[in-house]
Amino acid sequence: MPDSLVLRSASGTLSVGIGMEIEYRAPDAVRAVIGALGQTEDVRFSPSNHRLAIAAFNRHRVVVLDVDIAKSGATQAVALTGCVEISSPALNYPHGLDFLDEETLVVANRNGDVAIFKLPPAGNHPSELLPVQTLAAGKGSLLNAPGSVAVIRRDQRLSELLICNNSGHSVTRHLIDRSADCSVTGSEVLLKKWLNLPDGVCVSDDRRWIAVSNHNTHGVLLYECSPSLSEYSSPDGVLRGVYFPHGLRFSSDGQYLFVADAGAPFVHIYASDGRGWRGGRNPAASLRIMDEPLFLRGRQNPQEGGPKGIDVASGMNVLVATSEHQPLVFYDMAAILAKVPSETPVMEVEYEFGILEQAERLQMRADQAEARARKAKARLKKRKLKWLRAPLRRAYSALWRLN
């Protein structure tokens with residue numbers, strides 16, 4: 001970690017003391033599991049903040065930590081008291097996760113399906129699980145390379161899953177009946193227009209706003225929830241100034257949005273104007289959470305190296321972030337926000353629509369060019385095979401005449 005954290009904002013560069021980071025306590029066995037996570041993706045607190053789930057992408061595992069967050073003087077204290085390392089045949093490059101409740105976890109697998117698991121009790125032990133419910137991805141399904149997932153708890157029985165489909169370029173909505181073995185009672189495409197590799201999704205606590213990381217257009221799209229929201233809806237707001245947006249979370253009051261930048265060593269912080277998230281915005285501040293050597297260790301390509309998953313402990317003013325070479329780090333969110341402007345200039349969102357339309361046209365041309373290249377390759381292969389078959393036919397004919 002750097003000696004100090006740097007908070008960059010439109011009003012200047014602020015040096016922020018290392019006290020903003022919360023050094024967590026954990027037994028050696030838990031630290032060993034954290035140190036062996038490898039490439040991580042999303043991270044999520046349970047509704048009570050007593051559990052924390054992390055997707056270990058390349059290891060096809062999910063780790064669920066037991067968490068104790070408490071006040072320590074003027075700051076927060078975090079203790080990790082135990083962990084469960086989950087393996088399953090249903091885990092195939094796990095990317096996104098969220099809790100239906102304290103004992104039920106939803107996992108979206110980039111190369112597989114969406115699996116719902118009943119979690120074992122807290123403690124320090126490995127566990128192999130089978131899902132209690134699976135939402136199949138692939139041909140004939142609305143799901144196509146599912147990534148991030150967000151849970152909306154509607155009542156004591158029903159929940160909604162919002163799922164980013166990485167290759168399907170859509171966000172789908174699925175209604176789950178928790179009282180009936182998490183059965184799926186309905187599915188639909190919720191958002192699609194201008195989505196280009198959506199890589200993260202979250203919903204504000206008041207359920208008024210949905211935010212989606214749009215990887216290939218280097219921005220975040222925001223939608224006000226309404227009955228008319230559909231796959232043809234344009235976003236109400238667009239956030240810029242992020243290289244490759246990944247995990248994202250609203251603050252509990254909905255005034256701020258934190259966005260992990262997978263292509264840079266920053267978590268960007270956006271501020272609303274108190275009237276919602278309509279319009280275009282740049283970051284109110286950018287929090288550097290890793291120094292340059294650490295960032296470069298994970299810089300295998302321009303889309304990697306920075307933080308991946310982030311989450312906010314509801315009502316606890318604790319921010320958590322994860323990445324491959326910095327698997328778990330906690331911050332005092334109140335100390336960060338004390339240095340961040342409460343609002344930023346808002347631009348006309350129609351300007352952003354033009355950028356999104358242009359990106360869509362460029363993507364269509366790229367897809368068409370790729371399709372033509374595949375067809376040309378197939379034709380060349382066919383001609384080559386035809387050319388090779390001719391001598392074989394002549395040889396077989398000569399052999400037949402000799403016999």
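The values are calculated or read from the model by the stated rules, or taken from the named source; none is laboratory data. These numbers were taken from a predicted model, which means no experiment stands behind them. Cβ: placed from backbone, ideal geometry, glycine included. Neighbour counts: every protein chain shown. Just so you know, the surface numbers come from the protein's heavy atoms only, side chains and all, with ligands and any DNA or RNA stripped out. Shrake-Rupley method; radii C 1.70, N 1.55, O 1.52, S 1.80 Å.
Would you mind working out the accessible area per residue for segment 237-330, using a 1.4 Å probe, and quoting it in Å²? Roughly 29 Å² per residue, with all protein chains present. Under the criterion of Cα pairs below 8 Å and six or more residues apart, the relative contact order for segment 166-213 equals 34 percent. On alpha carbon coordinates alone, what is the Rg over Rh value for segment 37-190, Rh being the Kirkwood radius? Result: Rg/Rh = 0.98. I'd like the carbon and sulfur percentage of the solvent accessible area for segment 236-359, probe radius 1.4 Å, heavy atoms only, ligands and nucleic acids excluded. Whole-percent figure for carbon plus sulfur exposure: 51.
Only DSSP H runs of four or more residues enter the estimate; each adds -39500 (n - 2.57), and after division by the residues of the chain the mean residue ellipticity at 222 nm equals -6000 deg cm²/dmol. Beta bridges per DSSP, both residues in the chain: antiparallel share near 90 percent.
Neighbours of V33 by Cβ distance under 13 Å: Lys/Arg scored +1, Asp/Glu scored -1, total 0.
So how do 151-157, 263-269, 375-381 stack up, highest first, on mean other-Cβ count within 10 Å? Don't skip to the end; give the middle numbers.
On the way: 151-157: 13.1, 263-269: 23.6, 375-381: 10.0.
Descending packing order for the listed peptides: 263-269, 151-157, 375-381.
Taking Cβ atoms as reference points and 15 Å as the exclusive limit, the residues near G263 contribute a net charge of -1, counting Lys and Arg as +1 and Asp and Glu as -1.
Which net charge results for the neighbourhood of D253, defined as the other residues with beta-carbon distances under 10 angstrom from its beta-carbon, given Lys and Arg at +1 and Asp and Glu at -1? Charge balance in the 10 Å sphere: -2. Of all the accessible heavy-atom surface of segment 43-161, with the other protein chains kept in place and a 1.4 Å probe, what percent is carbon and sulfur? Carbon and sulfur atoms account for 48 percent of the accessible area of segment 43-161. Can you pick out the pairs among K71/K339; K308/K377; K193/K377; K139/K193; K308/K339 whose Cα atoms lie more than 26 Å from each other? Long pairs (Cα-Cα over 26 Å): K308/K377; K193/K377. What the Cβ-Cβ distance of R157 and M364 gives, at R0 = 51 Å and to the nearest 0.05, is a FRET efficiency of 0.75. Taking a point 7 Å from the Cα of A338 along the Cα-to-Cβ direction, the residues of segment 68-82 with backbone N closer than 20 Å to it are 70-78.
Structural descriptor for the chain: relative contact order 12 percent, calculated from alpha carbon pairs under 8 angstrom and at least 6 residues apart.
Think of the chain as a dipole: +1 on every Lys or Arg Cβ, -1 on every Asp or Glu Cβ, centred on the Cα centre; then among P391, Y223, L142, P391 lies furthest on the positive end.
The separation of segment 26-76 from segment 96-149, counted between C-alpha centres, amounts to 17 Å.
Report the normalised scattering of the chain as log10 I(q)/I(0) at q = 0.08 Å⁻¹, calculated by the Debye formula with identical scatterers on the alpha carbons. Results for the chain at q = 0.08 Å⁻¹ read -0.44. Calculated translational diffusion coefficient of segment 113-164 (20 °C, 1.002 mPa s; Stokes-Einstein with Kirkwood radius over alpha-carbon pairs) equals 163 µm²/s. Here the chain is assigned +1 on the Cβ of each Lys and Arg and -1 on the Cβ of each Asp and Glu. Its dipole about the Cα centre then comes out at about 3220 debye.
A Förster radius of 51 Å, combined with the Cβ-Cβ distance separating S183 from S397, puts the computed FRET efficiency at roughly 0.20. Length gained on full extension, A376 to N144: 80.9 nm, using 0.36 nm per residue less the C-alpha separation.
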